[in-house]
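**Student:** Take this structure, written in structure tokens, and hold onto it; I'll ask about it next.
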Amino acid sequence: MANVNNKPFGLIASFKTAPDIYEAAKRVRDAGYKKWDVFTPFPVHGMDGAMGLKRSRVPRFTLIGGLTGFWTGVLITWYMNGYDYPLIVGGKPFWSFIFPFPVLYELTILFAAFGTFFGMFISNKLPEHHHPTFDHPAFNKASDDTFFILIQNEDPQYDAEKTRALLEEIGGEEVTLLEE
């Protein structure tokens, strides 16, 4: 039952099996919806393609982090050994790429890890402490044995009756209106 005080968030439907949710996701994608999501108890192979999702931006954050770490290591070791306190030991040059290799390597890995971590936070719009799907009475089954598709009412294609009919047509059970 919809409470008159709460704003509708979207429609959520449950599915029993991974093949059902996979085919349903393709149908929702083909219907032109843009603001929707799938919740599954385990990763479903090919679901990104079925949903029409683009490749993740996280590898770009990782690359930027790694390059930043590498060049930070180069600048730190050059500044300390070749400029600030140059020390000739055994006729070696003040600075080269060979002796600071462990520093360059470790800073590359460290900054790439930070890039990945913060890139995930940025890409996933985290932290999101509460989502209306958490209020759905059966949503805890999404971590056990039930699959869900949520279509948000902010979607340009969203029409309550047509969206409900689509979810029922593609095999959705217990189509429920979620509220914010």
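FYI, it's all coordinate maths here, none of it is from the lab. In this text the structure is predicted, and so the values were computed from the model without any measurement. So basically every Cβ, Gly included, is an ideal-geometry build from the backbone, and we count neighbours across all protein chains shown.
**Student:** Which is the longest part of the chain that has none of the chymotrypsin sites (Phe, Trp or Tyr not before Pro) sitting in a DSSP loop with at most 14 other Cβ atoms within 10 Å?
**Tutor:** Longest run free of exposed loop sites: 1-93.
**Student:** Work out from phi, with θ = phi - 60° and the Karplus expression 6.51 cos²θ - 1.76 cosθ + 1.60, the ³J(HN,Hα) of each residue of the stretch 59-64, listed in order in whole Hz, and give x for Gly and Pro.
**Tutor:** x, 5, 4, 5, 4, 4
**Student:** Search the structure for amide H atoms under 5 Å from the amide H of LEU178, placed 1.01 Å from N in the peptide plane, and list their residues when 5 or more places away or on another chain.
**Tutor:** Amide H to amide H, under 5 Å and 5 or more residues apart or across chains, LEU178 pairs with PHE9, GLY10, LEU11, ILE12.
**Student:** Now for a different question. Under a GNM of the chain (C-alpha, springs under 10 Å), which listed residue has the highest mean-square fluctuation: MET51, MET80, MET120?
**Tutor:** MET80
**Student:** Hey, what angle do you get for helix 18-30 against the long axis of the chain, alpha-carbon based, 0 to 90 degrees rounded to 10?
**Tutor:** 90 degrees
**Student:** I would also like to ask the following. Work from the charge dipole of the chain (Cβ charges, +1 for Lys and Arg, -1 for Asp and Glu, about the Cα centre) and give the residue of ALA142, LEU11, PHE121 farthest towards its positive end.
**Tutor:** Most positive-ward Cα: PHE121.
**Student:** Test of understanding: what is the full-extension gain from LEU177 to ASP84, defined as 0.36 nm times their sequence separation minus their Cα-Cα distance?
**Tutor:** 26.9 nm
**Student:** Just ILE12, ILE149, ILE76 to compare: in a GNM of the chain, with alpha carbon springs under 10 Å, which one fluctuates most?
**Tutor:** For the chain, modelled as a Gaussian network with Cα springs under 10 Å, the answer is ILE76.
**Student:** Show me, for the stretch 165-180, the HN-Hα J-couplings you get by feeding each phi into the Karplus relation (A = 6.51, B = -1.76, C = 1.60, θ = phi - 60°), rounded to Hz, glycine and proline as x.
**Tutor:** 5, 5, 4, 6, 5, 8, x, x, 9, 6, 6, 10, 7, 9, 10, 6
**Student:** For every other residue with a beta carbon closer than 13 angstrom to the beta carbon of VAL28, add +1 if it is Lys or Arg and -1 if Asp or Glu, then tell me the sum.
**Tutor:** Overall, the nearby charge balance is 0.
**Student:** Hey, another quick one. Among VAL38, VAL89, VAL103, which one shows the biggest mean-square fluctuation in a GNM of the chain, springs joining Cα atoms closer than 10 Å?
**Tutor:** With Cα springs under 10 Å in the chain, the top fluctuation among VAL38, VAL89, VAL103 is at VAL89.
**Student:** Among all stretches of the chain without exposed trypsin sites (Lys or Arg not before Pro) (DSSP loop, at most 15 other Cβ atoms within 10 Å), which one is longest?
**Tutor:** Result for the longest clean stretch: 58-124.
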